[in-house]
1. Using only Cα atoms, tell me the angle between helix 251-279 and the longest principal axis of the chain; keep it within 0 to 90° and round to the nearest 10.
2. Would you order 127, 158 from fewest to most other beta-carbon atoms within 10 Å of each residue's own beta-carbon?
3. In whole angstrom, note down how far apart the Cα centers of segment 18-60 and segment 243-300 are.
4. Report, to the nearest 10°, how far helix 147-165 tilts away from the longest principal axis of the Cα atoms in the chain, using its own Cα long axis and a range of 0 to 90°.
5. Please give the FRET efficiency for residue 353 paired with residue 417, using the beta carbon to beta carbon distance and R0 = 51 Å, rounded to the nearest 0.05.
6. Working from Cα positions, state the angle (0 to 90°, nearest 10) between the long axis of helix 437-448 and the longest principal axis of the chain.
7. Which value in deg cm²/dmol, rounded to the nearest 500, describes the helix-derived mean residue ellipticity at 222 nm for the chain, given -39,500 (n - 2.57) per DSSP H run of n ≥ 4 and division by the residue count?
8. What ranking of 69, 282, 449 emerges when the number of other C-beta atoms within 10 Å of each C-beta is taken as an exposure proxy, fewest first?
Ligand code: PFF
C-alpha cells in the first residue's frame, strides 16, 4: 500500500476560506436544532447564562488549543499527538476523537435526514392548513415510520461522502463560503416574525430570564456538552481543520471569530424558536422534535411562507452538511494518513461503517423504539454519550496537553506565527488552559455524572 504523501497535504486556500470552513463545522444542527431543544429541556434562561460562561472560559481556549496542535503538527488528531508527543500515550486522545466522530456522525446524519423530509414537505405544501397539534402529529408519525427516515439518512450520508472525497479546497471550503451568510440572513428574518407573534413575550422571558432554581448538576453538564458540541471541539475536528490552516493566519482571531459567530447564531435560533413555541402552545421541553414542530407554524404565519420554508430547510440542510463533512473528515484523515488508505477508500469504509450505527439511530422511534440502554434509545445514547462525556473528556485532555505538555514557549511559537505576531493574550491563554479550563471541566463532569456533589 502506498505511503501517504505528507509533503503534498491539502489545505485551505485563504484566510476567509479557513474561517468559513471552521464556522461551517461549528454552525449546524447544533445551533438550530440541538441548542433550542436542550435549552427547553433545561429550563431556559439560567441554562443560557451558564452556557455563555462555558463558551468563553472553556470553549474558546479549547478551540485555540486544537488549532495550535493541528497546525503545529500538520496531521490528523491521532498523528498529531504522536508527532508532538512521541512515545507517549497522548495519541489515545486522537483515537477517542475518532470514536466520538463515529457516534456523532451516526445520530447527526439522522437529524440531517429529517431536514430533507421537511424540504420535501415544503415542496408539496405539506404543512398548509395544519394546526400546531397536527404538525406535531405529522413529525411524530414521520419519525416513527421506517422507510422514509432511512431513505433520507442514506441520501444525506451519500452527499457528505461525495464532498469529502473531493478534498479540502474544492469540496469543503467552496460550499461553506457561499451558503453560510445566506442562512444567517434567513434566521434574522425568522426572528423578526417570531418576536412579533402575539404572546411572543413569554418565549423571550423563558430564554433570557434566568431562574437558577432550575439548575442541577446534570443541567450544568448539559450546558458544557452543548458548548462543546456546538463549537465542534473536544474530538479533534478542529485539530484536523487547524492542520489545513495557513501558517500565516492568525489562529486566535480565527478561534474568536468562529466562536462568536457560532454563539450569535445559537442565540438567534433561540429568539426565532421560543416566542413561537409559547405563541403556538408547544411544550418547551418536547425534546428532539422541538424545532421541527415549531418552525412550520411560523412559516404559516408569514407572507411567502411557502418559499420561506423551502429555502430555510434547504439552508438548514446545507448547514448540517458543512458540519457532517467536518466530522467525517476526522475519520477519513485518520484512515488515510495512519491506515494508508486512499482518500476514496477511506471515505467509503468510514461512511459505510458509520451507517450501521446511524441506521440504528434512525430507527430509534420506529422499529427499535423498545431497544433501550440505560433507559435511553440508541439515538439518545449516542447524543448524550458523545456530547456530554466524550467531548468534555477530550477537551480536558487537549487543554492539559497544551498547558502542561506542550508548554508556553512552543505554544507561543505557533500562536505568534514564529514571532511575527504579538500574541499579547498568551499569558491569559496559558492560565486558562493550565488551570481554569481543566478544573472547570473536571468539576462539571464529576458533578454531572454524580461522583462529586456540590
Ligand atoms: N458543531 C456542529 C453543530 O453545532 O451542528 C456539530 C459538530 C460538528 C459536533 C463537528 C462535533 C464536531 F466535531
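Here, each number is a calculation from the coordinates, and none is a lab measurement. Computed from a predicted model, the values in this text were never measured in an experiment. For neighbour counting, all protein chains shown are included, and Cβ atoms are generated from backbone atoms with ideal geometry for every residue, glycine included.
1. Long axis of 251-279 versus the principal axis of the chain: about 10 degrees.
2. 158, 127
3. 7 Å
4. It is inclined by approximately 30 degrees.
5. Values: r = 38 Å, r/R0 = 0.75.
Once the sixth-power term is evaluated, E becomes 0.85.
6. It works out to around 40 degrees.
7. Working: 21 runs with 306 residues, N = 454.
Value at 222 nm, helices only: -22000 deg cm²/dmol.
8. Ranking 69, 282, 449 by Cβ neighbours within 10 Å, fewest first, gives 449, 282, 69.
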